[in-house]
Amino acid sequence: MGRAFVYVVLGGGVAAGYAALEFARRGGYSRGELCIISEEAVAPYERPALSKGYLLPEDPSRLPKFHTCVGANDELLTTKWYKEQGIELVLGTRVISADVRRKTLLTATGETISYKTLIIATGARALKLEEFGISGSDAANICYLRNLEDADKLVNAMSSCSGGNAVVIGGGYIGMECAAALVTNKIKVTMVFPEKHCMGRLFTEKIADYYESYYTLKGVTFTKGTVLTSFEKDSTGKVTSVILRDGNHLPADMVVVGIGIRANTSLFEGQLLMEKGGIKVNGQMQTSDSSVYAVGDVAAFPIKLFDGDIRRLEHVDSARRTARHAVAAILEPSKTRDVDYLPFFYSRVFTLSWQFYGDNVGEVIHYGDFTSNSPRFGAYWVSKGQITGAFLEGGNRDDYEALSMVVRRKTKVLDMPELERQGLAFAIQE
Ligand code: FDA
Ligand code: NAD
């Protein structure tokens, strides 16, 4: 049993949705030549909604409202849209092996799907506690958050936990966004993570302090510098408390785990070059096999702005842009320059909202008001006399645009105390 396509997008997440839109806009395929294969049962959607609008106690966001590409203020691609565009959605279908030499994919149902050109958009999976030697994370009240199924489990757990206690494991993006959602759902939260402060991959201690103080005022307790070792469970298998390395027991009616991800590369290991935990691609998003492209969380690609350094980014803007770039490169190779991407991350929690551009390397200068409840503060990272990164909480569209420009231009900094004194004005007047 088998089907043949010209173009196959493997994975049906954010990148797949934006790739589909780019194919449709460019019109470079005929009906039935392009398919998206996804393990998920629904058409591509904006994954960031799962830790934000989806978890709201009132008027939560539900599909079809957040299918791609609404996150970039673009068209809402429903199942009907794919049909109209002649793009085949092969949903609820897991690919279990790939043969790059033969250009075939084998699905769990035994179907062989062949392609002329493949775009790998398999994203990533949430790391499980088992991978750190802790067992029992399949309990009914332990939640991870990567896909809709996880989000539904989390919503159900929250609905039977009002007024109760949640323990959030991990102080990264999932931990911070879920802790905020739990508080909004009137659940008491303790966050547990091994680092000295939250968001260790990006935040400075000063920035982290602001968010931790804000969360503390909202009732969140921080247990830092330690990890969990096991769970206590009742006779039904539900977790009742989390046991920490220091011997403390934290009562828990539910647990949310966000301890990082691994890119879904396994189908291609030994067949394509890998780097930084992902599939290595060039500036056209093309892998070491010229018929295969990789985009989104799974792709490790050169960042021109960082002198071609290869990075694997785990953020939605990068997924959207690399997907569109790959399609342009496939359909119009001679007209498509190498990708020139400015890394961009953001988050929204409670009424707070921040954006970051560039790379958080070098010396840091903080500026602005770190004390208010409606704050406006930020930081620049400066390396070799140039701006390499910029962070701002509470900015408006023009502020963020100005910051992105100083990072993109690697604006020179002649006087660090002056940069600190000017703060945001430095970027705006540039
Ligand atoms: P994505 O994970 O979206 O899609 C991968 C797809 O491949 C899935 O459909 C999966 O089922 C499928 N797949 C994998 N293996 C397969 C196989 N063998 N066979 C078939 N299908 C397979 N970023 C940001 O910048 N701002 C934000 O606010 C957020 N918020 C956020 C919230 C939550 C809850 C998560 C989990 C993530 C975010 N992110 C984010 C990160 C952002 O969502 C992420 O970078 C993109 O979803 C990456 O898009 P991809 O398409 O690469 O992977
Ligand atoms: P992360 O990498 O942001 O954070 C992982 C956290 O796990 C670390 O901060 C650390 O505190 C913790 N940790 C690691 N090992 C641990 C252990 N043994 N015990 C306890 N804690 C441990 O990953 P995440 O928060 O799980 O997020 C998953 C993915 O989702 C990431 O790719 C992230 O970019 C994405 N995401 C992004 C956003 C956003 O950009 N706004 C929002 C949600 C999710």
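Every read-out reported here was derived from the displayed coordinates using simple, explicitly stated rules and does not represent laboratory data. This structure is a prediction, so every number in the text was calculated from the model and none was measured. Counting neighbours? That spans all protein chains shown, and the Cβs are built from the backbone with ideal geometry, glycine included.
Hey, among E149, E212, which residue is under 30 Å from T287 (Cβ atoms), free of Cβ contacts under 8 Å to residues at least 24 places away in the same chain and either within 15 Å of ligand 2 (Cβ to nearest atom) or not in a strand (DSSP E or B) (or both)? Don't jump to the end; show me each part of the working.
Numbers: E212 fails: under 30 Å from T287 (Cβ atoms).
E149 is the lone residue from the list that is under 30 Å from T287 (Cβ atoms), free of Cβ contacts under 8 Å to residues at least 24 places away in the same chain and either within 15 Å of ligand 2 (Cβ to nearest atom) or not in a strand (DSSP E or B) (or both).
Restricting attention to segment 137-146, report how many residues are in a loop (DSSP other than H, G, I, E, B), within 15 Å of ligand 2 (Cβ to nearest atom), of a type outside the set (S, T, Y) and in contact with a Lys or Arg (Cβ under 7 Å, 6 or more places away or on another chain).
Within segment 137-146, the subset in a loop (DSSP other than H, G, I, E, B) is 137-141, 144-146.
After this cut, where a residue has to be within 15 Å of ligand 2 (Cβ to nearest atom) as well, the list is 137, 144-146.
Still in the list and also of a type outside the set (S, T, Y): 145-146.
Remaining after also requiring in contact with a Lys or Arg (Cβ under 7 Å, 6 or more places away or on another chain): 146.
Number of matching residues: 1.
Please go through segment 157-179 and pick out each residue that is away from ligand 1 (no atom under 12 Å from the Cβ), in contact with a strand residue (DSSP E or B) (Cβ under 9 Å, 6 or more places away or on another chain) and either assigned to a helix (DSSP H, G or I) or hydroxyl-bearing (S, T, Y) (or both).
Passing the criteria: A157, M158, S160, A179.
Filter segment 272-323 for residues that are in contact with a strand residue (DSSP E or B) (Cβ under 7 Å, 6 or more places away or on another chain), outside any strand (DSSP E or B) and within 16 Å of ligand 1 (Cβ to nearest atom) and give the result.
Answer for segment 272-323, where residues must be in contact with a strand residue (DSSP E or B) (Cβ under 7 Å, 6 or more places away or on another chain), outside any strand (DSSP E or B) and within 16 Å of ligand 1 (Cβ to nearest atom): K276, G277, V281, M285, T287, V295, D297, V298, E314, H315, D317, T322.
Considering (1) crowded, with 21+ Cβ neighbours inside 10 Å; (2) within 14 Å of ligand 1 (Cβ to nearest atom); (3) under 23 Å from the mean Cα position of the chain (by Cα), say which one I113 fails and leave the rest.
For I113, the exception is condition (3).
Residues of segment 338-355 being touching a Pro at 6+ places or on another chain (Cβ under 8 Å) and under 18 Å from R408 (Cα atoms), which ones? It would help to see each step written out before you state the result.
Going residue by residue through segment 338-355, those that are touching a Pro at 6+ places or on another chain (Cβ under 8 Å) are 338-339, 352.
Passing the criteria: D338, V339.
Could you go through segment 98-114 and let me know if any residue there is within 17 Å of E22 (Cα to Cα) and part of a loop (DSSP other than H, G, I, E, B). Please lay out each step first, then the result.
Taking segment 98-114 and keeping what is within 17 Å of E22 (Cα to Cα), we get none.
No, segment 98-114 has no match at all.
Give me a count of the residues in segment 1-23 that are in contact with a helix residue (DSSP H, G or I) (Cβ under 9 Å, 6 or more places away or on another chain) and either farther than 27 Å from A263 by Cβ or within 16 Å of ligand 2 (Cβ to nearest atom) (or both).
Taking segment 1-23 and keeping what is in contact with a helix residue (DSSP H, G or I) (Cβ under 9 Å, 6 or more places away or on another chain), we get 7, 9-11, 13-23.
Those still in the list that are either farther than 27 Å from A263 by Cβ or within 16 Å of ligand 2 (Cβ to nearest atom) (or both) too: 11, 13-15.
The qualifying residues number 4.
Name every residue in segment 241-260 that is part of a strand (DSSP E or B) and in contact with a helix residue (DSSP H, G or I) (Cβ under 7 Å, 6 or more places away or on another chain), in order of residue number. Show your work before the answer.
Taking segment 241-260 and keeping what is part of a strand (DSSP E or B), we get 241-244, 249-251, 254-257.
Correct list: M254, V256, V257.
If a residue must be of a type in the set (S, T, Y), under 30 Å from M158 (Cβ atoms) and assigned to a loop (DSSP other than H, G, I, E, B), how many such residues does segment 24-59 contain? Explain how you work it out, then say what you get.
Of the residues in segment 24-59, the ones of a type in the set (S, T, Y) are 29-30, 38, 45, 51, 54.
Filter again for under 30 Å from M158 (Cβ atoms), leaving 38, 45, 51, 54.
Okay, now just the ones that are also assigned to a loop (DSSP other than H, G, I, E, B), so 38.
Within segment 24-59, residues that are of a type in the set (S, T, Y), under 30 Å from M158 (Cβ atoms) and assigned to a loop (DSSP other than H, G, I, E, B) number 1.
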